[in-house]
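FYI, it's all coordinate maths here, none of it is from the lab. Bear in mind that the values here come from a model prediction, so they are computed numbers and not experimental data. So basically every Cβ, Gly included, is an ideal-geometry build from the backbone, and we count neighbours across all protein chains shown.
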Amino acid sequence: MIRGAQSIAFECPAYLVSSASVAGTKEGEGPLGRMFDLVAKEDLFGENTWEEAESAMQKEACQLALRKAHLKPEEIRYLYGGDLLRQGVATSRGVEALKIPMFGLYGACSTSGEALALAGMSVAAGYGDYMLAVTSSHFASAEKEFRFPLGYASQRPLSAHWTVTGSGAFVVGKRKSPVWITGITIGKIVDYGLRDSQNMGACMAPAACDTILQNLKDFERTTEDYDRIITGDLGYVGQSILFDLMRGKGVDIKSRHMDCGMTIFDQNLQDTHAGGSGCGCAAVTLSSYILPKLANGEWKRVLFVPTGALMSTVSYNEGASVPGIAHGIVLEHCKGGLE
């Protein structure tokens with residue numbers, strides 16, 4: 001199953017059996033609002049703190065995905081989950097009640113790709129019939145964790161992203177469905193020395209470029225072999241940089257590219273500057289918008305590339321650069337997947 005330097009082509013199918021998307025109020029007002037499974041009436045989700053609200057989102061997304069798959073928590077072999085908070089507290093508290101053996105992950109905004117890759121590998125290798133992958137982010141908890149408390153009312157530069165309040169959960173298993181994971185390309189750490197944590201698109205674009213090029217090389221494909229090459233949250237700034245980097249390598253993806261951070265919000269009507277970001281950004285866009293297009297056959301094959309800026313308040317305060325990482329997930333329409 002090993003392909004090239006960084007990729008795996010699954011010989012045994014790993015199907016996306018079900019998915020669920022839970023989103024916040026601002027996300028519900030955006031272009032994908034009607035496509036989410038659940039939109040919160042208020043962003044605290046009935047809880048007392050932003051962190052508890054994020055955990056509540058994760059729990060709801062997992063339960064929705066399980067119900068759609070007609071599965072009980074005890075039928076899930078392993079759970080792969082992560083978020084943006086220290087020690088992954090949103091995930092550990094969110095999935096605690098499910099009592100599923102868990103691997104806690106941290107890949108910043110690329111975590112949905114990391115979780116899907118590991119879940120797909122586990123199913124394809126025969127380690128279990130069903131795996132659960134889940135990620136989340138919350139605007140308010142992320143601002144408090146990485147930047148300033150909301151009450152500080154700091155001014156955000158135009159290159160800054162708006163962290164998506166949302167959680168996406170995915171059941172990956174052996175049961176046939178209209179969409180399957182046929183391969184993965186695991187990314188490397190790529191660091192161009194950028195130190196501006198308010199310009200994450202620029203920090204992540206080199207990693208996205210590296211993973212996309214490696215995927216094309218490992219699978220011996222061209223951009224025309226994909227209906228869409230979808231990055232997680234480069235936003236408007238990062239997309240422009242990605243195009244320049246790719247053209248520098250002799251590859252033009254402009255006609256095939258889509259970015260979740262640019263899709264989830266309306267730049268003209270919503271004040272989100274460079275676009276959306278956060279673990280939940282790519283996850284809820286995948287569940288609500290991308291998978292339905294694959295399921296109905298409108299798209300036959302896409303390369304899903306969530307991107308992450310690997311930083312902390314400590315590394316930022318010490319003047320360290322912000323490395324990036326991106327993981328590539330090959331998703332394909334499975335003809336007869338419901339038979």
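Compute the separation of the alpha-carbon centres of the range 182-234 and the range 290-318 and state it in Å as a whole number.
Distance between centres, Cα-based: 9 Å.
Rounded to the nearest 500 deg cm²/dmol, what is the calculated helix-only ellipticity per residue at 222 nm for the chain, with -39500 (n - 2.57) per DSSP H run of length n ≥ 4?
-9000 deg cm²/dmol, from helical runs alone.
Can you tell me the dipole magnitude for the range 158-239 around its Cα centre, using point charges on the Cβ only (Lys, Arg +1; Asp, Glu -1), in Debye to the nearest 20? Before the final figure, lay out each step's value.
Details: 8 positive and 9 negative charges, 84 e Å.
Dipole size: approximately 400 debye.
What does the convex hull of the alpha-carbon atoms of the range 1-153 project to on average, in nm²? Can you show the working numbers first?
Working: hull surface 42.1 nm².
Orientation-averaged projected area of the Cα hull: 10.5 nm².
Nearest 5 percent is fine: what portion of the DSSP beta bridges confined to the chain is antiparallel?
65
Run the numbers on the range 285-339 and let me know its relative contact order in percent, using alpha-carbon pairs under 8 Å that are six or more apart.
Relative contact order comes out at 42 percent.
Name the residue from ALA23, CYS279, ALA125 whose Cα lies farthest towards the positive end of the charge dipole of the chain, charges +1 on Cβ of Lys and Arg and -1 on Cβ of Asp and Glu.
About the Cα centre, the residue reaching furthest to the positive side is ALA125.
Would the range 82-210 count as rounded, prolate or oblate if I go by the C-alpha gyration tensor, calling it rounded below 1.5 in a/c and otherwise prolate when a/b exceeds b/c, oblate otherwise?
In terms of gyration-tensor shape, oblate.
Nearest 20 debye, what's the magnitude of the dipole of the chain about its Cα centre given +1 on Lys and Arg Cβ and -1 on Asp and Glu Cβ?
Its charge dipole is roughly 660 debye.
Grab the eigenvalues of the alpha-carbon gyration tensor for the chain, scale each by 5, take roots, and send me the semi-axes largest first in whole angstrom.
Over the Cα atoms of the chain, the semi-axes work out to 27, 25, 18 Å.
Taking the highest mean first, how do the peptides 327-336, 74-83 order by number of other beta carbon atoms within 10 angstrom per residue? Write down the numbers at each step before the final one.
Working: 327-336: 20.8, 74-83: 22.7.
Per-residue mean Cβ counts within 10 Å order the peptides as 74-83, 327-336.
Can you bin the range 29-101 into rounded, prolate or oblate? Criterion: square roots of the alpha carbon gyration tensor eigenvalues sorted a ≥ b ≥ c, rounded for a/c under 1.5, prolate for a/b above b/c, oblate for the rest. Each step should come with its number before you reach the end.
On the way: a/c = 2.03, a/b = 1.19, b/c = 1.71.
Oblate, since a/c reaches 1.5 and b/c is not below a/b.
If I take every Cα pair under 8 Å that is 6 or more residues apart in the range 179-333, average their sequence separation and divide by the length, what percent do I get for the relative contact order?
39
Normalised by the residues of the chain, what does the relative contact order come to in percent, with Cα pairs under 8 Å and at least six apart? Show your work: numbers first, answer last.
Details: 902 pairs, mean separation 84.2, N = 339.
So the answer I get is 25 percent.
As a quick test, which of the pairs LYS188/LYS249; LYS176/LYS293; LYS41/LYS72 have an alpha carbon distance above 21 angstrom in this structure? Don't skip to the end; give the middle numbers.
Numbers: LYS188/LYS249 18 Å; LYS176/LYS293 17 Å; LYS41/LYS72 27 Å.
Where the Cα-Cα span goes over 21 Å, the pairs concerned are LYS41/LYS72.
Quick one: grab the alpha carbon gyration tensor of the range 250-299, order the square roots of its eigenvalues as a ≥ b ≥ c, and give me rounded if a/c is under 1.5, else prolate or oblate depending on whether a/b is larger than b/c.
Since a/c reaches 1.5 but b/c is at least a/b, the shape of the range 250-299 is classed as oblate.
Pick from HIS257, HIS138, HIS161: which residue has the top mean-square fluctuation in a GNM of the chain where Cα pairs under 10 Å get a spring?
Comparing HIS257, HIS138, HIS161 in a Gaussian network model of the chain, the most mobile one is HIS257.
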